[in-house]
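Here the structure comes first, spelled out in structure tokens, and everything after it is commentary.
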Amino acid sequence: MRIILFGPPGSGKGTQGDLIEKAYGFLKISTGDLLRRAVEDQTPLGKKAEVLMNQGKLVSDEIVEELVRQRIASPACRPGYLLDGFPRTIAQARSLEAMDGKRPEVVIEIDIDLTALVERLRNRLVCSRCGAIYNLNLHRHRREGKCDACGGPLHQREDDKPGVIKERLRVYKEQTEKLRDYYQRKSVYRRVDGSGSIEDVFQRIAILINAEVAKQTQTRALG
Ligand code: AMP
């Protein structure tokens, strides 16, 4: 099975993706994380992506599609995987189907209002070493400026600065939101309320995943 976490920047896809990975063992593939790593390593791809990311714009479909293609070809993804931040355009959704079209999929939108989103992005801190995500209100770190998990330094993402947040939300509205219709038409779209605590949202998502896993098991037993 494949789970696609869908929703605007700041809706909690990364945080919920980590929890789903831990609870269900689906490997999480975050195109944002893969790109940030490439930027940090200053690979040719990373250098190309960096400028666009810092402006809140999308990196080209070809670049992210290639990153995802390499990941899902790995044996660790065979039992199932989870996508965070991909697809973000209709072209990417089509390309994913071309790469791995037979796999059953469920698309879960984390629905959250705009004011809460901006608040979350502004208060987000990320560990420079392990990528763990913190939030000054929802999930505060314990030691000043340090990651609870690995002790690495925490920083604010360049694209979580106010001007860039605005552009990312504009790009989401213009290019990514139309995927909702696309997946509704495929009858694989589900939605959860993204408000409340991290645990509340995870419980809502878990109900959907459990139902989907049960459905897949039944289909396999019948087939
Ligand atoms: P994220 O961590 O998912 O918010 O992604 C951070 C940035 O990486 C985005 O604002 C884009 O610049 C880039 N990015 C991540 N995923 C994609 C994608 N699927 N398509 C294009 N650009 C992406």
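The values are calculated or read from the model by the stated rules, or taken from the named source; none is laboratory data. Computed from a predicted model, the values in this text were never measured in an experiment. All Cβ positions, glycine included, derive from the backbone under ideal geometry; neighbour counts span all protein chains shown. Heads up: the accessible areas ignore ligands, DNA and RNA and are worked out on the full protein's heavy atoms, side chains in. Shrake-Rupley method; radii C 1.70, N 1.55, O 1.52, S 1.80 Å.
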| Which residue, of L67, L27, is in contact with a Cys (Cβ under 7 Å, 6 or more places away or on another chain) and over 22 Å from K186 (Cβ atoms)? | L27
| message | Just the residues that are over 17 Å from S187 (Cα atoms) and either open to solvent by less than 20 Å² (accessible area, probe 1.4 Å) or more than 10 Å from the ligand (Cβ to nearest atom) (or both), please, taken from the range 84-98. | response | D84, G85, F86, T89, Q92, S95, A98
| request: Please work out which residue is nearest to N123 (Cα to Cα), limiting yourself to the range 7-44 and to residues that are in a loop (DSSP other than H, G, I, E, B) and touching a residue at least 24 places away in the same chain (Cβ under 8 Å). | output: G10
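One line per residue, one yes/no per condition, for (1) part of a strand (DSSP E or B); (2) farther than 12 Å from E65 by Cα; (3) within 17 Å of the chain's Cα centre (by Cα):
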site: A91; (1), (2), (3): no, no, no
site: L96; (1), (2), (3): no, no, yes
site: M99; (1), (2), (3): no, no, no
site: R103; (1), (2), (3): no, yes, no
site: V107; (1), (2), (3): yes, yes, yes
site: I110; (1), (2), (3): yes, yes, yes
site: A116; (1), (2), (3): no, yes, no
| Residue that is farthest from R120 (Cα to Cα) [pool: residues in the range 194-216 that are within 16 Å of the chain's Cα centre (by Cα) and open to solvent by 30 Å² or more (accessible area, probe 1.4 Å)] | F202
| Failed condition for G101, given (1) under 23 Å from K186 (Cα atoms); (2) modelled with pLDDT of 95 or more, with all others met? | (2)
| task | Looking only at the range 51-61, decide whether some residue is open to solvent by less than 30 Å² (accessible area, probe 1.4 Å), under 16 Å from the mean Cα position of the chain (by Cα), free of Cβ contacts under 8 Å to residues at least 60 places away in the same chain and more than 30 Å from A206 (Cβ to Cβ). | result | yes
| request: Filter the range 133-183 down to residues that are of a type outside the set (K, R), under 20 Å from I198 (Cβ atoms) and open to solvent by less than 70 Å² (accessible area, probe 1.4 Å), then give me how many there are. | output: 11
| remark: Restricting attention to the range 102-132, the residues that are open to solvent by 40 Å² or more (accessible area, probe 1.4 Å), within 30 Å of P79 (Cα to Cα) and among the acidic types (D, E) number exactly 1
| field | Residue under evaluation A73, criteria (1) within 14 Å of the chain's Cα centre (by Cα); (2) more than 12 Å from the ligand (Cβ to nearest atom); (3) open to solvent by 50 Å² or more (accessible area, probe 1.4 Å), criterion not met | value | (1)
| field | Breaking point among (1) open to solvent by 60 Å² or more (accessible area, probe 1.4 Å); (2) out of contact with any strand residue (DSSP E or B) (no Cβ under 8 Å at 6 or more places or on another chain); (3) more than 13 Å from the ligand (Cβ to nearest atom), for E66 | value | (3)
| query | So which of A38, A98, A73 is touching a helix residue (DSSP H, G or I) at 6+ places or on another chain (Cβ under 6 Å) and of a type in the set (G, A, S)? | reply | A38
